[in-house]
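Each reported figure results from applying straightforward, stated rules to the coordinates on display, with no laboratory input. Treat the numbers as computed from the prediction; the structure is a model and nothing was measured. Cβ atoms come from the backbone with ideal geometry, glycine included; neighbour counts cover every protein chain shown.
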């Protein structure tokens with residue numbers, strides 16, 4: 001791993017502690033939400049049912065709880081006459097839940113109570129601080145979702161046994177986007193079939209993404225020729241089956257951490273407008289567009305050079 005296990009464990013413990021404190025302060029362990037006769041689960045169910053009618057299964061998925069807990073929450077809301085259920089029109093074995101008029105009134109009270117509470121909380125912060133917290137919480141929430149999507153997926157260093165597999169991935173993805181070997185793209189590199197040797201030099205590393213023993217993607221860092229103190233983020237390729245799970249950002253962060261550890265001051269990359277998802281990712285990671293390429297990469301068809309300054 002790039003970062004030491006000790007640092008990672010320290011960060012994880014700190015985030016866990018802050019999360020526990022936040023849950024407690026928000027009353028998520030209490031029997032009722034504020035002054036309303038609703039448990040936290042019932043309140044969340046009420047909010048989701050305020051958007052649309054839902055089956056018990058759909059509600060459980062939205063609340064990230066098991067179906068039995070969702071069923072109990074709905075049962076209690078029905079007893080309070082806040083929710084009504086009916087047999088699903090397309091599935092006689094399933095119940096569809098929706099709010100009653102009393103339920104909508106309760107939802108209005110819930111929204112008013114929670115809005116007032118959070119206005120009071122945010123009054124302790126500047127507008128800039130409040131915006132930073134909203135942005136950070138949004139990123140944290142997405143990271144949680146992505147971590148779940150990445151369950152069973154491993155990122156590990158490239159070995160000689162992986163050479164053929166990662167070369168095949170690079171060729172397949174390049175063909176998908178029309179990046180043909182006859183042009184100046186990475187797929188044309190003569191060293192494509194022996195990447196473990198290429199990345200065995202000091203200051204270089206390459207990692208593969210694997211699931212069930214199959215190599216599905218990868219990316220790496222290497223020194224940029226003729227540019228002391230500058231590395232290059234290279235050969236980031238992912239098969240469709242693992243896209244949309246946040247793995248590109250995870251691997252890029254992993255690679256940049258390695259670059260900082262190696263003492264690089266800046267990280268360079270070259271890409272093309274065809275890979276628009278990649279361009280957006282690099283921009284979000286702090287890479288800035290350059291007016292001219294750096295080094296002599298040989299990838300003259302990659303018309304978008306970018307650079308990120310690395311803080312040590």
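Using Cα centres only, tell me the gap between region 61-111 and region 266-312 in whole Å.
Here the two parts' Cα centres lie 50 Å apart.
Tell me which label goes with the value of Cα extents along the principal axes in Å computed from the coordinates here: (i) 66, 44, 43; (ii) 72, 50, 37; (iii) 68, 45, 30.
(ii)
So if we plug the beta-carbon distance of residue 140 and residue 164 into 1/(1 + (r/R0)^6) with R0 = 35 Å, what FRET efficiency do we get, rounded to 0.05?
Working from the Cβ atoms, E equals 0.35.
Tilt of helix 40-49 relative to the longest C-alpha principal axis of the chain, in degrees (0 to 90, nearest 10)?
Roughly 80 degrees between the two axes.
Suppose only helical runs count, i.e. DSSP H with n ≥ 4. What mean residue ellipticity at 222 nm does that imply for the chain under -39500 (n - 2.57) per run, divided by all residues and rounded to the nearest 500 deg cm²/dmol? Before the final figure, lay out each step's value.
On the way: 10 runs with 139 residues, N = 312.
For the chain, the value works out to -14500 deg cm²/dmol.
By how many degrees, 0 to 90 and rounded to 10, does the Cα axis of helix 101-122 deviate from the longest principal axis of the chain?
50 degrees
Run the numbers on the chain and let me know its relative contact order in percent, using alpha-carbon pairs under 8 Å that are six or more apart.
12 percent
Just to check, using Stokes-Einstein with a Kirkwood Rh over alpha carbon pairs, what's the diffusion coefficient of region 70-129 at 10 °C and 1.306 mPa s in µm²/s?
114 µm²/s
So for the chain: antiparallel DSSP bridges make up what percent, rounded to the nearest 5? Could you put the intermediate results ahead of the total?
Values: 35 of 38 bridges.
Restricted to the chain, the bridges split so that about 90 percent are antiparallel.
Cα axis of helix 5-25 to longest principal axis of the chain: angle in degrees, 0 to 90, nearest 10?
20 degrees
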